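The values are calculated or read from the model by the stated rules, or taken from the named source; none is laboratory data. No experiment lies behind these values; they were computed from the predicted model shown. Glycine gets a Cβ as well: all are built from the backbone with ideal geometry, and neighbour counts include every protein chain shown. For accessibility, only protein heavy atoms count, side chains too; no ligands or nucleic acids. Shrake-Rupley method; radii C 1.70, N 1.55, O 1.52, S 1.80 Å.
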Amino acid sequence: MLKRVKQYWNVISRPSVHFSLGFLTLGGFIGGIVFWGGFNTAMEATNTEAFCTGCHEMRDNVFAELKTTIHYTNRSGVRAVCSDCHVPHEWTDKMARKMQASKEVWGKIFGTIDTQEKFRDMRLELAKHEWSRLKANDSLECRNCHQYASMDLTRQSVRAQSMHSTYLLSKEKTCIDCHKGIAHRLPHIPPGEGPSDTPGQVVPQPDGSRPAALTPVVAASASRP
C-alpha cells in the first residue's frame, strides 16, 4: 500500500515525466472547466431565496416582512428575491460582496441575532450598514431593475414625479435616500439619530408602528410596483 502511494506521489509531483505535454494541457483545460462550473454553481446556489432564508434568523424576521410587500407579490408577477437587492450582479462586485458577507457565518455560530429580541436590538446597526453600502454604490441593486430612463413619470403620484425629476435626474440623491424601508420595516430610530438625507420619512415607534396620521415616502411608494 505504501509503495503504491509513493508511486502516485511521484506521478503527481512530476507529471511531465509520465505524461505528454498535449495530455497535460488537455487535462488542465478540462479540469479548469469542471472547477469553474462547480464554483459558479455553488455561488449561484448561495443566491437563491431558499439558501438566504434557510436560517430562522432571516426566515422569521426580514423574510416574513418581505412577503407582505410589493416586491414579493404584485399584479405583474415579478418577484425580487434576497440576492436581487443585497448582492451585486456583476461578477467582481459579487465576489467582493460574498467575501464581505462571510462574517455572517461568525454571527450564526455565536448567535448574534438568534432571537427576535437580539435582532430588534441590532436592527438599526444592521440597517445602517446596508444603507451605507447602497449609498456608496449609487443604489446599484435598485437600478438593476429600476431605471430613470424607463420611468413613465405621468403614471406616478405628483410627489413622486417631483422627487424623481428633481433629485434622481440630477443625481443629487440615490434610491436608498428616500426608499429606506421599502422591502423591510424601518427600525426604531432614536431622536437625533435619524438619517439626515431622508426628509419626510416618519420615524417608527419602538414597537415598530408608525403614527396613523402620517404617511412616509417609503410607505406611499410601496403601494405601487
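This table checks each residue for (1) under 22 Å from the mean Cα position of the chain (by Cα); (2) at pLDDT 90 or above; (3) surrounded by fewer than 17 Cβ atoms within 10 Å (Cβ to Cβ); (4) within 26 Å of G77 (Cβ to Cβ).
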site	(1), (2), (3), (4)
S165	no, yes, yes, no
L169	no, no, yes, no
L186	yes, no, no, no
G194	no, no, yes, no
G200	no, no, yes, no
G208	no, no, yes, no
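L153 meets each of the listed conditions (1) surrounded by fewer than 11 Cβ atoms within 10 Å (Cβ to Cβ); (2) touching a Ser or Thr at 6+ places or on another chain (Cβ under 9 Å) apart from (1).
Of all the criteria given as (1) surrounded by 12 or more Cβ atoms within 10 Å (Cβ to Cβ); (2) hydrophobic (A, V, I, L, M, F, W, C); (3) within 15 Å of the chain's Cα centre (by Cα), the one not satisfied by I113 is (3).
Annotation for the stretch 69-82: at least one member residue is of a type in the set (K, R), surrounded by 10 or more Cβ atoms within 10 Å (Cβ to Cβ) and part of a loop (DSSP other than H, G, I, E, B). Please pick out the residue among H56, H18, H86, H71 that is modelled with pLDDT under 85 and not aliphatic (A, V, I, L, M). Exactly one residue qualifies, and that residue is H18. Screening K118 with (1) open to solvent by less than 40 Å² (accessible area, probe 1.4 Å); (2) closer than 19 Å to H56 by Cα; (3) not in a loop (DSSP other than H, G, I, E, B) gives one miss only, at (1). When you look at E49, is it closer than 30 Å to E117 by Cβ, surrounded by 14 or more Cβ atoms within 10 Å (Cβ to Cβ) and touching a residue at least 40 places away in the same chain (Cβ under 8 Å), yes or no? No: the conditions fail for E49. E130 falls short on exactly one of the conditions (1) surrounded by fewer than 13 Cβ atoms within 10 Å (Cβ to Cβ); (2) under 19 Å from the mean Cα position of the chain (by Cα); (3) not polar (S, T, N, Q), and that condition is (1).
Counting only residues that are touching a residue at least 60 places away in the same chain (Cβ under 8 Å) and under 22 Å from A96 (Cα atoms), the stretch 137-177 holds 2 of them. The residue of the stretch 42-76 that is nearest to L126 (Cα to Cα), among those that are under 14 Å from the mean Cα position of the chain (by Cα) and among the acidic types (D, E), is E49. When the residues of the stretch 83-106 are filtered to those that are polar (S, T, N, Q) and open to solvent by 50 Å² or more (accessible area, probe 1.4 Å), which remaining residue is nearest to C142 (Cα to Cα)? The extreme case among them is T92. Kindly indicate whether M58 is assigned to a helix (DSSP H, G or I) and open to solvent by less than 80 Å² (accessible area, probe 1.4 Å). Judged against the criteria, M58 is a match.
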